[in-house]
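*Asks:* Right, I'll just put the structure down here and ask away after.
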Amino acid sequence: MSVGIVGTGFIGRGWAVCFARSGRAVRLWDPAPGAAEAAKAYIGGMLADLAAADLLGGHAPQNIASLISVAATLAEAVAGAEHVQENAPERLELKRALFQDLDAAASAEAVIASSTSALLPSAFTDHLRGRARCIVAHPVNPPHLIPLVELVPAPWTSEEALTRTEALMRSVGQSPVRLEAEIDGFLLNRLQAAVLDEAFRLVDGGFASAEAVDACMRDGLAPRWVFMGPFETIDLNAPEGVRDYVGRYQAMFRTLTGSMRSETDWSGPVLDRIEADRRNRLPLAGLEARQMWRDRQLMALAAFRRQAPQ
């Protein structure tokens with residue numbers, strides 16, 4: 001089986017690793033001159049670290065690298081592919097035009113998936129003859145280290161396309177979740193938006209520093225949420241489970257949520273304080289090194305989760 005990767009930024013590179021380490025041939029294409037070649041070189045540079053963390057499925061780095069090639073054209077990238085993963089910028093008209101090209105170029109059997117994190121699939125596939133095989137498969141950055149993939153159908157996406165994409169994602173080691181219908185932001189970003197909005201509100205209201213908010217997540221909520229979601233967390237935090245938890249604590253949370261209705265302008269004066277907090281802890285010149293540190297931590301966590309009992 002071969003996979004076409006269209007768009008080779010951070011997400012496209014991560015997808016390439018996901019598919020190649022499962023033994024699939026991957027062809028990269030990007031409209032920007034030299035971008036696909038740069039992506040292949042970047043991937044080659046990370047493979048040794050992934051192998052050291054046992055995140056290449058037992059394959060040698062050179063074997064994974066040999067499965068990833070650069071296509072000269074979009075048509076070449078998707079020719080014969082059973083799955084196409086699109087990773088273009090979040091611009092609706094661009095997606096509509098690109099999906100029209102992909103629908104024309106890809107084989108009739110191929111599923112065409114978008115990595116979009118916000119655009120509804122119905123907004124850029126409604127005009128396509130092959131719209132039934134189109135779907136959103138939204139990953140978390142970086143997808144080769146964080147397994148979640150949100151599968152979002154348009155109203156006309158076929159059950160076959162959903163089932164095939166879900167099976168493919170499981171076969172490459174991802175953790176797919178199906179949405180029953182499309183909704184703005186899907187699941188992950190709606191949850192993330194709620195947390196971020198409250199985080200900005202707490203700093204904007206003068207209740208805490210940016211670092212204090214980060215610490216509450218990093219050292220408080222996150223250790224549990226690495227292993228379980230919010231519903232399992234509360235199910236385990238009351239003697240008789242989730243219903244017992246709601247009976248005990250809903251009134252307390254209602255008192256809190258009543259003060260969480262107002263919106264905060266993230267780009268307003270609060271941004272100056274948060275940026276100052278962050279730059280005090282991490283100068284701008286250190287961002288790239290810290291991103292690499294983050295990825296190494298995610299590698300270690302991914303390796304641990306592979307060995308931990310479920």
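All of the numbers you see were taken from the coordinates with simple rules; none came from a lab. What you see is a predicted model, and the numbers here were worked out from it, not measured in a lab. Virtual Cβ from ideal backbone geometry, glycine too; neighbours counted across all protein chains shown.
*Asks:* Would you be so kind as to identify which of 120, 85, 223 lies farthest towards the positive end of the dipole of the chain, taking Lys and Arg as +1 and Asp and Glu as -1 on Cβ and the Cα centre as origin?
*Replies:* Farthest towards the positive end: 223.
*Asks:* Take the chain, compute every pairwise Cα distance, and split them into 10 Å bins from 0; I just need the percent in each bin.
*Replies:* Values per bin, smallest distances first: 5, 23, 30, 26, 14, 3, 0.
*Asks:* Report, in degrees rounded to the nearest 10, the 0 to 90 angle that the Cα long axis of helix 10-20 makes with the longest principal axis of the chain.
*Replies:* Approximately 60 degrees, to the nearest ten.
*Asks:* What does the extension gain come out to for residue 276 and residue 69, with contour length at 0.36 nm per residue minus their alpha carbon separation? Display every interim value, and only then the final one.
*Replies:* Working: separation 207, 0.36 × 207 = 74.52 nm, distance 4.25 nm.
Additional length available on full extension: 70.3 nm.
*Asks:* Another question, if that's okay. I need the phi-derived Karplus couplings for the range 263-280: 6.51 cos²θ - 1.76 cosθ + 1.60, θ = phi - 60°, integer Hz, Gly and Pro marked x.
*Replies:* Running phi through 6.51 cos²θ - 1.76 cosθ + 1.60 with θ = phi - 60° gives 8, 10, 7, 4, 8, x, x, 4, 5, 4, 5, 5, 4, 5, 4, 5, 5, 5 Hz.
*Asks:* If one takes the longest principal axis of the Cα atoms in the chain, at what angle in degrees, from 0 to 90 and to the nearest 10, does the Cα axis of helix 287-307 lie?
*Replies:* 90
*Asks:* At residue 159 and residue 107, where each label point lies 7 Å from the Cα along Cα→Cβ, what is the point-to-point distance in nanometres?
*Replies:* Placing both labels 7 Å along Cα→Cβ, they lie 2.5 nm apart.
*Asks:* Compare 252, 299, 228 in a GNM of the chain, Cα atoms joined below 10 Å, and give the one with the largest fluctuation.
*Replies:* 252
*Asks:* Moving on to the next point. Arrange 15, 156, 29 by Cβ neighbour counts within 10 Å, fewest through most, would you? Show your work: numbers first, answer last.
*Replies:* Working: 15 29, 156 15, 29 22.
Result, fewest neighbours first: 156, 29, 15.
*Asks:* Ranked highest first by average number of other Cβ atoms within 10 Å, how do 186-197, 48-59, 76-87, 259-270 line up?
*Replies:* Numbers: 186-197: 14.0, 48-59: 16.1, 76-87: 22.1, 259-270: 11.0.
Going by the mean number of other Cβ atoms within 10 Å, highest first, we get 76-87, 48-59, 186-197, 259-270.
*Asks:* Let me ask something additional. Cα centroid distance between the range 243-310 and the range 122-191, in Å?
*Replies:* 25
*Asks:* Which of 203, 140, 149 moves most in a GNM of the chain, Cα contacts under 10 Å?
*Replies:* 203
*Asks:* While we're here: Which shape class applies to the range 209-251: rounded if a/c is under 1.5, otherwise prolate when a/b exceeds b/c and oblate if not, where a ≥ b ≥ c are the square roots of the Cα gyration tensor eigenvalues?
*Replies:* Numbers: a/c = 3.89, a/b = 1.88, b/c = 2.06.
Taking the square roots of the gyration eigenvalues as a ≥ b ≥ c, the range 209-251 is oblate.
*Asks:* With 10 angstrom as the radius, rank 103, 184, 295, 30 by how many other C-beta atoms surround their C-beta, starting from the fewest.
*Replies:* Details: 103 20, 184 10, 295 17, 30 23.
Ranking 103, 184, 295, 30 by Cβ neighbours within 10 Å, fewest first, gives 184, 295, 103, 30.
*Asks:* Looking at the chain as a GNM with Cα springs under 10 Å, which of 28, 168, 256 has the largest mean-square fluctuation?
*Replies:* So, out of 28, 168, 256, the one fluctuating most is 256.
*Asks:* Decide, for the range 188-307, between rounded, prolate and oblate: order the square roots of the alpha carbon gyration tensor eigenvalues as a ≥ b ≥ c, take rounded if a/c falls under 1.5, and otherwise choose prolate if a/b is larger than b/c, else oblate.
*Replies:* Numbers: a/c = 2.75, a/b = 1.19, b/c = 2.31.
Oblate, since a/c reaches 1.5 and b/c is not below a/b.
*Asks:* Okay, moving on. If amide H atoms are built 1.01 Å from N in the plane of the peptide, which residues on other chains or at least 5 residues away come under 5 Å of the amide H of residue 148?
*Replies:* Under 5 Å from the amide H of residue 148: 140, 175.
*Asks:* State whether the range 2-178 is rounded, prolate or oblate according to the following rule on the C-alpha gyration tensor (a ≥ b ≥ c being the square roots of its eigenvalues): a/c under 1.5 gives rounded; otherwise a/b larger than b/c gives prolate, and the remaining case gives oblate. Working shown, then result.
*Replies:* Details: a/c = 1.80, a/b = 1.42, b/c = 1.26.
Because a/c hits 1.5 or more and a/b exceeds b/c, the range 2-178 counts as prolate.
*Asks:* For residue 70, list long-range residues whose amide hydrogen, built 1.01 Å from N in the peptide plane, is under 5 Å from its own amide hydrogen.
*Replies:* 28
*Asks:* Sort 158-167, 18-27 for me by packing, meaning the mean count of neighbouring Cβ atoms within 10 Å per residue, highest on top. Write down the numbers at each step before the final one.
*Replies:* Working: 158-167: 16.1, 18-27: 22.2.
The densest-packed peptide leads the list: 18-27, 158-167.
*Asks:* Mean shadow of the range 57-118, computed from the convex hull of its alpha carbons, in nm²? Walk me through the numbers before you get to the answer.
*Replies:* Working: hull surface 22.1 nm².
Value for the range 57-118: 5.5 nm².
*Asks:* What are the ³J(HN,Hα) couplings of the range 237-254, residue after residue, when phi is run through the Karplus curve with 6.51, -1.76, 1.60 and θ = phi - 60°? Round to Hz, x for glycine and proline.
*Replies:* Once θ is set to phi - 60°, the couplings for the range 237-254 become 9, 9, x, 10, x, 4, 5, 5, 4, 4, x, 7, 10, 4, 4, 4, 5, 5 Hz.
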